[in-house]
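K.L.:
Got a structure for you, questions after.
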Amino acid sequence: MKKLLLGEQGLVVIFAVAFAVVALTVPNFLTERNMLGLLQSVVTIGIVACTMMFCLASRDFDLSVGSTVAFSGMIAVMASNASGSIVVGLVAALLCGGAVGFVNGLVIARFRINALITTLATMQIVRGFALIASDGRAVGINDPGFYQLALSKFLGIPTPIWVMAIFFIVFGFVLNRTVFGKNTLAIGGNPEASRLAGVDVSSMRIWIFALQGLVCAVAGVLLASRITSGQPNAATGLELSVISACVLGGVSLAGGRAAMTGVIVGVLIMGIAENVMNLLNIQAFYQYVVRGLILLLAVLLDNLRSAAAGRRG
Amino acid sequence: MKKLLLGEQGLVVIFAVAFAVVALTVPNFLTERNMLGLLQSVVTIGIVACTMMFCLASRDFDLSVGSTVAFSGMIAVMASNASGSIVVGLVAALLCGGAVGFVNGLVIARFRINALITTLATMQIVRGFALIASDGRAVGINDPGFYQLALSKFLGIPTPIWVMAIFFIVFGFVLNRTVFGKNTLAIGGNPEASRLAGVDVSSMRIWIFALQGLVCAVAGVLLASRITSGQPNAATGLELSVISACVLGGVSLAGGRAAMTGVIVGVLIMGIAENVMNLLNIQAFYQYVVRGLILLLAVLLDNLRSAAAGRRG
Amino acid sequence: MQDFLEFRAISKGYPGVQALADVSFSVKKGAVHGLMGENGAGKSTLIRVLSGDQSADTGDILIDGKPQRYRSVRDAFEAGVIVIHQELQLVPELTVAENLWLGRFPGKAGVIDRTRLTGVVKEKLAEIGIAIDPAAKVASLSIGERQMVEIAKAVMADARVIALDEPTSSLSSRESEILFALIDRLRAQGKVILYVSHRLDEIFRLCDSLTVLRDGKLAAHHPDISEVTRDQIIAEMVGREISNIWGFRPRERGAVRLEVRDLAGRKLRTPISFSVRQGEILGFFGLIGAGRSEMARLVYGADSRSQGTVSVDGKAVTPDSPPQSIRSGIVLCPEDRKSDGIVQGRNIEENMAISSRRHFSPFGLLQPKKEAELAERFIAKLRVRTPSRKQDIVNLSGGNQQKVILGRWLSEQGVKVLIIDEPTRGIDVGAKSEIYEILYELAGQGMAIVVISSELPEVMGITDRIMVMCEGKVAANIERADFDERRILAAALPDVAPDGANASELPNQQVQSR
Amino acid sequence: ADVKIGFIVKQPEEPWFQDEWKFADVAAKEKGFTLVKIGAEDGEKVQSAIDNLGAQGAQGFIICTPDVKLGPGIVAKAAANDLKLMTVDDRLVNADGSPIEDVPHMGISATKIGEAVGQSIVDEIKKRGWDMKDVGAIRVSYDQLPTAVDRVEGALSVLKAAGFPEANIFDAPQAKTDTEAALNAATVVLNKNAGIKKWVAVGLNDEAVLGAVRASESVGIPADSMIGVGIGGADSAINEFKKPAPTGFFGTVIISPKRHGYETALNMYEWIANGKEPEKLTLTAGQIALRDNYEQVRKDLGIE
Ligand SMILES: Nc1ncnc2c1ncn2[C@@H]1O[C@H](COP(=O)(O)OP(=O)(O)OP(=O)(O)O)[C@@H](O)[C@H]1O
Ligand SMILES: Nc1ncnc2c1ncn2[C@@H]1O[C@H](COP(=O)(O)OP(=O)(O)OP(=O)(O)O)[C@@H](O)[C@H]1O
Ligand SMILES: O[C@@H]1[C@@H](O)[C@@H](O)CO[C@H]1O
Ligand SMILES: [Mg+2]
Ligand SMILES: [Mg+2]
């Protein structure tokens, strides 16, 4: 028991216990409908967290994800409206998202500009683009086929949830089993040592950001499909939610430490907190307080656990 | 000339040049009225940036400043309404602000919880408190004497600007000329080495956060006085503006590097950018783009400069 | 044999410092070439240029007669050059195996072949006699073990030219022997090895030829080391004769100053007790992982105690925290300068004054003049090589950083107990004798001094008494009169082999793994 | 069975929505149903809020959507969860921008409210005998919020129709929707046009107009040379009227959260419990309140 709690997977165990408690005490929580609703509500955070994990693990930071999600969602809708083809819309969105990420990476890695400032800048620039492109108004989707991206189901589970699950698996694999993943962790753990070992740190960083942009585009397309329009104001504040989910899941902001299971748990904690507060009809202003306390409690528990396990902070 | 540009004060020189260019090309910019308006518009950011500089310099992070500003502004108004005494209101605000900061520091230093998560949590909790205390409504000020805090002038310059100037001087002095300042920088440079060198790292961190809370309270009181009411939604997003101003001013997010002149310049750049965009009547959506580009340009210039000077990134 | 590696007129300058000026020499194939010089003479800079990490301002490097044009570490690696840097370059969050493969992971299509990843490393480590688990995270290893992992990199890489920058500075004699055996084997394979060290014994034990640098210039080149003497090399390095490095002087020992009773903590389970008298220099010797550094950190309050007391002049030191220890008169000069010593991004003056400034800063206000005086005094006294006291400490050479950290503690006032962990790690011969001189002087004033060292000659040369630690316990307590190399080494070894085998006969005995 | 009704709003921190919720609660007490209040600031949150309501067994919900273009998605989600749907304040539209007429709606036209603001400014200008040529108008704008654009443009259209010179209208874009941002933006406009001595101000809500009024005070424009008319009528506006001396905050268009909150909740209950379908469209009007009549107006609208 003690071993379980204090081991590598301790966060997962704590989470499982908390989940069981919630399931038993909160009415309507553990129903198929609610579970599917909950999972759908974390799709955007979950998908973007996959690459944010890489970003943080390599000691970087990306504040532009929310804007990129909104922008690429807009582009998907506008391009498919204009061309009459959903595929064209998707490709356009991926290109735009990837381009934003690539530019972020380029500026950060080549001109060595602080990632926080760079992505704070692109966050505004890209949001500006989204607003300019749409004149500040949501753009409706002409082809109802677009909605199917989010509405279609496979084995009774909506496509976006499948996409998120696949992303979790793929990026979990990439982190642990590939050169790319190990290099990411190495860069975050000791950039100097990685450079001296011949890791091409700057192209790694560019790749990570470009990937982040691409993944944001996927999230943006699914979001647009789910909300049946491209919205220039969508996903504001997403960056902080995603970063919190990652940090909750044990990703170190000082780089070098990350695990997919942790991130999944972090994402779920955030989603469950929102879900349960609404199920319990907690008043809006108190929700702020509760949300804050849950965040604190989650990291506090995890810290106690790792302190007990004798790891270093 | 080259020496000037590349020296320690290079950022200041670049800024002076940019300022001169703006003053010559933008009509109405260099008028006394506009200058005073500009300075007043950066009072909140400027004051809070003083202590955020310490926070970042010691490798910490504070996202709760916006909420604390709003909360302590609310408290100032509510307490002075309730007691009929402005002084009681001020003291209450300072106590509350200081308390928020102290709790942040305590949790971060003693329980060793990540600063980002902790302050993200308190940011929400404190915003919740502000909303709960006021039931989400703006609270009017009963005693018009309260307005005088912001409206009164000395030598033709409004009090808030004086307060900001005094804070700049005091915190600049504290950073460079006191043991407190040096210890802050040392902690940022290498926390473990500083601890072993006898610096009481955890009480330093608590102090820094408590000070940050106090300073936020000052900013909150001035803001409430300026807008003649306590508003629970005031100062949202302040944290990012303040952190950007600091980073623009050369404060390193990796800790250990900070300078008051830099921060002042950073704050002014942010203020001037907004001011000039409005003077030039740039459309709202384009303002996003321009704001982002200015941020990028400013750090890029500074980076080129320090690269040329052969310093390490 | 022909010259295989050649430096031609290499120059390299940093702002305010000419680190290398017109350095030319060459090394033959299958030779171990020593590189010596005072701290800051330019040794590491030369090696960094060789590694492709830094480029020379002017000059060429030739390997096998071909001028090298590499612009990055990768290029250098492809040209067959591998460098083990002076400061550890490991990623703590990755495993030993991952660190050894970093930059060239085995596998197909970007997917790591995990069998090879650990398999090959296990083989190679066994081959060179290092018993470290390839799957262990580097963060869980001690410094010494980490150093061994660094060295294993050289073997993994199968390079033509191998440069080692002070590889033994945190190794004890036994691990050093493992390394020497390894170097002998590499020499036999015809590699070119560049070897930087401040330890003359090692230079004579290993090297075929030698270059001495001084102030960035070539001071001497000896194609055949058998033609030079120790004293000659020292003179070439330091510019003066040093007859007896240790210069030991006996002193009066007074009342008990430091009293440690039943002290234990998380990493040092067995309680430990000892005391040090006024004017006494007590040495702690042991193998890597013997627990000496843990003991020192517990005494200083850097780690929290689970039991036991520490008292100075009969007064208990509580609570156990570094500030409290300093107030009570105990100071610790830590062993790992990079993580526990230097404050990166701050200049020499600030690094020196960090602790002692509280004595001369009324109401917390700094006195820049006094700080400057203090810095200048110790820069001169310890002969720190730097263009100015305002130089960022990360720009100093390793040995000079160590001197600054020493200066930090030597400038502290009211010190009654000085604990120094590996005081002369990476420090040149000239400065070493100065440091010993300072220690004698402080002891003479009544200070109790604890010296932890992995260099047996040093502990024997300068201490009044030696406590030997082995596997977290005190194994022997020997007075100066009874100092005996074999006896000390025997006590340090975990399981004593029959008929008192000494370390040099046990080069391949496995290091205790954890 | 127990009736459970959701009430989703786009900005739970805004007093307006607090009030809507408060009045909906009154209906809930009267009729004995459960009211679930959820804040949903963007399209994604709306989706999960509806799922959440479905999961907890609600039979219907009322929504003020963050964006009217979310219409088809909301309708589909409601159908998927088998929930009855009504909208309040803002009316849902299709992809092509036409209102979704099937969904019962109670609301206010943003343009209409704006026009009420414009009318009261025009009246006051005339009353004070100002020459429109000498008057400047501050347009405190937050253009990424479509409702904000509609309101402000509504007000300005009345001004222009009354002969207000277009060249005298100055844009003051707020970076955020709070008073400080409006204050900073308006200050620039005033300083840039230091020659103009008389001003009027419009904005998306009371906070925006208040910012402009504070700006006029800080540059020394007397209260009787400023006519600011806000929208909302919540406490920030009432506080202005309570100040001992009149300020440049001339009036505010009060819109009543009472009908919106109480009646929509009641209608939804009737629909669920008794199958009585609500009106497809009910439009309410705003009412201008000034310093000397605000108490009466509030009483008339059933607030207090
Ligand atoms: N990045 C840098 N910036 C400025 N000066 C530097 C830098 N790196 C090294 N130096 C200076 O170059 C000189 C040579 O340093 P180097 O590290 O090569 O010495 P070293 O011979 O290896 O000394 P040690 O024995 O102490 O390791 C020193 O004076 C050092 O201060
Ligand atoms: N990073 C670490 N994590 C966990 N345990 C450690 C770590 N470093 C050392 N230890 C444990 O502490 C004990 C003492 O190690 P330490 O390195 O302090 O010994 P030492 O005698 O000072 O040798 P060294 O010359 O390496 O400093 C070791 O037996 C080891 O098990
Ligand atoms: O957004 C507005 C809200 O602020 C309130 O005024 C009611 O109508 C909505 O459209
Ligand atoms: Mg060196
Ligand atoms: Mg040690």
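K.L.:
Taking 50 Å² as the minimum loss, tell me which residues in segment B:174-192 lose that much accessible area going from the chain by itself to the full protein complex (1.4 Å probe).
P.N.:
The answer is B:Arg177, B:Val179, B:Lys182, B:Asn190 - residues whose exposure falls by at least 50 Å² when every protein chain is included.
K.L.:
A follow-up question, please. Quickly rank B:252-260, C:83-91, A:213-221 as a protection proxy: mean count of other C-beta atoms within 10 Å, highest first.
P.N.:
By packing density, highest mean first, the sequence is A:213-221, C:83-91, B:252-260.
K.L.:
Give me the orientation-averaged projected area of the Cα convex hull of chain B, in nm², one decimal.
P.N.:
17.1 nm²
K.L.:
So what is the calculated 222 nm ellipticity per residue for the protein assembly as shown, using -39500 (n - 2.57) for each DSSP H run with n of 4 or more, over all residues, to the nearest 500 deg cm²/dmol?
P.N.:
So the helix-based figure for the protein assembly as shown works out to -17000 deg cm²/dmol.
K.L.:
Express in nm, to one decimal, how much length is gained between C:Asp313 and C:Ala235 on full extension, taking 0.36 nm for each residue of separation and deducting their alpha carbon distance.
P.N.:
Roughly 23.7 nm would be gained on extension.
K.L.:
Something else: What do you get for Rg/Rh over the protein assembly as shown if you use C-alpha atoms and the Kirkwood form of Rh?
P.N.:
A ratio of 1.01.
K.L.:
Also: From the Cα trace of segment B:94-134, what convex hull volume per residue do you get, rounded to a whole Å³?
P.N.:
55 Å³
K.L.:
Send over the Kirkwood Rh of chain D, from the inverse of the averaged 1/r over different Cα pairs, rounded to one decimal Å.
P.N.:
Computed over chain D, the radius equals 20.1 Å.
K.L.:
On a 0 to 90° scale, report how tilted helix C:429-444 is relative to the longest principal axis of chain C, with both axes built from alpha carbons and the result rounded to the nearest 10.
P.N.:
Tilt of helix C:429-444: around 10 degrees.
K.L.:
In sequence order, what are the phi-derived ³J(HN,Hα) couplings for segment C:280-292 according to the Karplus relation 6.51 cos²θ - 1.76 cosθ + 1.60 with θ = phi - 60°, rounded to whole Hz, with x for glycine and proline?
P.N.:
For segment C:280-292, the Karplus curve yields 9, 10, 9, x, 10, 10, x, 7, 4, x, 6, x, 5 Hz.
K.L.:
Along its three principal axes, how long is segment A:215-294 when you only count alpha carbons? Whole Å, largest extent first please.
P.N.:
Principal axes ranked by extent give 38, 34, 18 Å for the Cα atoms.
K.L.:
Now for a different question. In nm, to one decimal, how far is the modelled label at C:Lys267 from the one at A:Arg110, with both set 7 Å along Cα→Cβ?
P.N.:
Taking the two extended label points, one gets 4.4 nm.
K.L.:
Are any of the pairs C:Lys315/C:Lys338; D:Lys22/D:Lys276; D:Lys4/D:Lys112 more than 26 Å apart by Cα-Cα distance, and if so, which?
P.N.:
As for pairs spanning more than 26 Å Cα to Cα, those are C:Lys315/C:Lys338; D:Lys4/D:Lys112.
K.L.:
Now for a separate question. So with the 1.4 Å probe, I'd like the accessible area per residue for chain B, rounded to whole Å².
P.N.:
36 Å²
K.L.:
Using only protein heavy atoms and a 1.4 angstrom probe, determine the accessible area buried between A and C, summed over both sides, in Å² to the nearest 100.
P.N.:
1900 Å²
K.L.:
Per the Cauchy relation, a quarter of the hull surface: what is the mean projected area of the convex hull of the alpha carbons in segment C:3-244, in nm²?
P.N.:
Details: hull surface 55.2 nm².
That works out to 13.8 nm².
K.L.:
Right, here's the next one. Sequence-distant or interchain residues sharing an amide H contact under 5 Å with B:Thr178, placed H: which?
P.N.:
C:Leu366
K.L.:
Under 37 °C and 0.692 mPa s, how fast does segment C:106-146 diffuse according to Stokes-Einstein, given a Kirkwood radius computed over C-alpha pairs? Answer in µm²/s, whole number.
P.N.:
289 µm²/s
K.L.:
A further question on this structure: At a 1.4 Å probe radius, carbon and sulfur cover how many percent of the accessible area of the protein assembly as shown?
P.N.:
57 percent
K.L.:
Counting only protein chains, not ligands or nucleic acids, how are C:Tyr14, C:Tyr440 ordered by accessible area (probe 1.4 Å), most first? All intermediate terms of the calculation are to be shown ahead of the outcome.
P.N.:
On the way: C:Tyr14 80, C:Tyr440 5 Å².
So the residues, ranked largest to smallest area, are C:Tyr14, C:Tyr440.
K.L.:
Any residues in segment A:198-244 that have 40 Å² or more less accessible area with all protein chains than in their chain alone, probe 1.4 Å, and which are they?
P.N.:
A:Gly198, A:Arg226, A:Ile227, A:Thr228, A:Gln231, A:Asn233, A:Leu240
K.L.:
Express the relative contact order of chain B as a whole percentage, based on alpha carbon pairs under 8 Å and six or more residues apart in sequence.
P.N.:
32 percent
K.L.:
What are the ³J(HN,Hα) values, in whole Hz, obtained from phi via the Karplus relation 6.51 cos²θ - 1.76 cosθ + 1.60 with θ = phi - 60°, for each residue of segment C:325-334 in sequence order, with x given for Gly and Pro?
P.N.:
Result, ordered by residue: 4, 4, 4, 7, x, 9, 10, 10, 9, x Hz.
K.L.:
Once the dipole of chain A is set up with Lys and Arg at +1 and Asp and Glu at -1 on Cβ about the Cα centre, which of A:Leu39, A:Ala20, A:Asn81 lies farthest towards its positive end?
P.N.:
About the Cα centre, the residue reaching furthest to the positive side is A:Ala20.
K.L.:
Percent of Cα-Cα pairs per 5 Å bin, from 0 to the last occupied bin, for segment B:1-152, please list those.
P.N.:
Pairs per bin, as whole percents: 2, 8, 12, 15, 15, 13, 11, 11, 9, 4, 1, 0.
K.L.:
Then there's this: How large is the charge dipole for the protein assembly as shown, taken about the Cα centre, if only the Cβ atoms of Lys, Arg (+1) and Asp, Glu (-1) carry charge, to the nearest 20 debye?
P.N.:
Approximately 1260 debye in magnitude.
K.L.:
Measuring from the lowest to the highest alpha carbon on each principal axis, how far does chain C reach, largest first, in angstroms?
P.N.:
Answer, in whole Å and largest first: 68, 54, 48 Å.
K.L.:
Using only C-alpha positions, report the orientation-averaged shadow area of the convex hull of segment C:10-138, nm², one decimal.
P.N.:
Quarter of the Cα hull surface area: 10.4 nm².
K.L.:
Just tell me how shielded B:98-109 is by partners: mean number of partner chain Cβ atoms within 10 Å of each residue's Cβ, no decimals.
P.N.:
0
K.L.:
If amide H atoms are built 1.01 Å from N in the plane of the peptide, which residues on other chains or at least 5 residues away come under 5 Å of the amide H of C:Ala163?
P.N.:
It is C:Ile82, C:Val83, C:Ile84, C:Leu194, by chain and number.
K.L.:
In addition: Residues of segment D:168-192 losing 30 Å² or more of accessible surface, assembly versus chain alone, probe 1.4 Å, please list them.
P.N.:
D:Asp171, D:Pro173, D:Ala175, D:Lys176, D:Asp178, D:Thr179, D:Glu180, D:Leu183, D:Asn184, D:Val188, D:Asn191, D:Lys192
K.L.:
Where in chain A are the helices, taken as whole DSSP H runs, whose Cα atoms extend 20 angstrom or more along the long axis and whose Kyte-Doolittle mean reaches at least 0.5?
P.N.:
For chain A, where a helix must reach 20 Å along its axis and average at least 0.5, the hits are A:10-25, A:43-57, A:65-83, A:86-110, A:115-134, A:159-177, A:201-226, A:260-279, A:284-308.
K.L.:
Considering amide H positions built from the backbone, and no H for Pro or chain starts, which residues 5 or more places from B:Leu63, or on another chain, come under 5 Å of its amide H?
P.N.:
B:Thr119, B:Leu120
K.L.:
For segment C:255-492, take N as its residue count and report Rg(C-alpha) divided by 2.2 N^0.38 Å.
P.N.:
Segment C:255-492 yields a ratio of 0.99.
K.L.:
When the Kirkwood hydrodynamic radius is evaluated over all pairs of different C-alpha atoms of segment D:70-222, what value in angstrom, to one decimal, is obtained? Don't skip to the answer; put the middle values down first.
P.N.:
Details: mean 1/r = 0.0590 Å⁻¹.
Taking the inverse mean of 1/r over all distinct Cα pairs, segment D:70-222 comes out at 17.0 Å.
The values are calculated or read from the model by the stated rules, or taken from the named source; none is laboratory data. Everything numeric here is computed off the predicted structure, so don't read it as measured data. So basically every Cβ, Gly included, is an ideal-geometry build from the backbone, and we count neighbours across all protein chains shown. The area values use the complete protein model at the heavy-atom level, side chains included, leaving out ligands, DNA and RNA. Shrake-Rupley method; radii C 1.70, N 1.55, O 1.52, S 1.80 Å.
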